[in-house]
1. I want to check the label-to-label distance for Leu60 and Ser115. Put each point 7 Å from Cα in the C-beta direction and report it in nm to one decimal.
2. So, in nm, how far is label Ala48 from label Arg82 when the simple model puts each one 7 Å beyond its Cα toward the Cβ?
3. Across the stretch 97-110, in residue order, what do the Karplus-derived ³J(HN,Hα) couplings come to in whole Hz, using 6.51 cos²θ - 1.76 cosθ + 1.60 with θ = phi - 60° and x for Gly and Pro?
4. For labels at Tyr40 and Ser94 in the simple 7 Å Cα→Cβ model, what's the distance in nm?
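Here, each number is a calculation from the coordinates, and none is a lab measurement. Predicted model, so just to flag it, every value in this text is computed and none were measured. When we count neighbours, we look across all protein chains shown, and the Cβ atoms used for this are built from the backbone with ideal geometry, even at glycine.
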Amino acid sequence: MSLNATVRKPALPVTPARAPERRLRPVTESRPRRKPKLAYALMALGGALAIGAAQIGLSLAITQDSFVLADLSSQQRELNLRSHALQEELTGLSSPQALASAAADLGMVVAGSPSYLRLSDGAVFGVGAGADWTSTVDPNGSGAVSNSLITAPPVDTPVPENGTLDPATQDLPPAITDGLPSPTTH
């Protein structure tokens, strides 16, 4: 098709009532620049300061907690040592030697031969004689075997109120200067 063959429609005349309204207008004067809002800047600055303060606060809290944890660990270690010492002391005091010595101090005596009672008919088997007021066994005598767990600390060593001995006042092994110590033999 050619351009000549196309039918041209006449354009409609523009009347003032039908004229499209233009959106673009010429700039008559420049608009005044708006100042940046101060409130937004202050909010941003305040938020940054709040985040920084929160980080510092959390860091201080964590540091304080680590000191508290170290202190509690130290106390736990001391209490464990004290518990072990008390358990060892209890073991020594409940030994047969300590019980026999305490019984002798209370005036109890060891009976000679045992007697047995049968509950079904009330029959007594054995010698049946009571114990003398003199004991055949002296738990504190010369033949007694001493218990190393119930020995008291030396008198010259003061024991503090908390019950622990100062490591500087305890007996320490001899210093090794010329090799390991060995007994003198012939």
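1. Reported label-point gap for Leu60 and Ser115 is 8.2 nm.
2. 5.3 nm
3. These are the phi-based 3J(HN,Hα) values: 5, 5, 5, 5, 5, 5, 5, 5, 5, 7, x, 7, 10, 8 Hz.
4. That separation, rounded to one decimal, is 7.9 nm.
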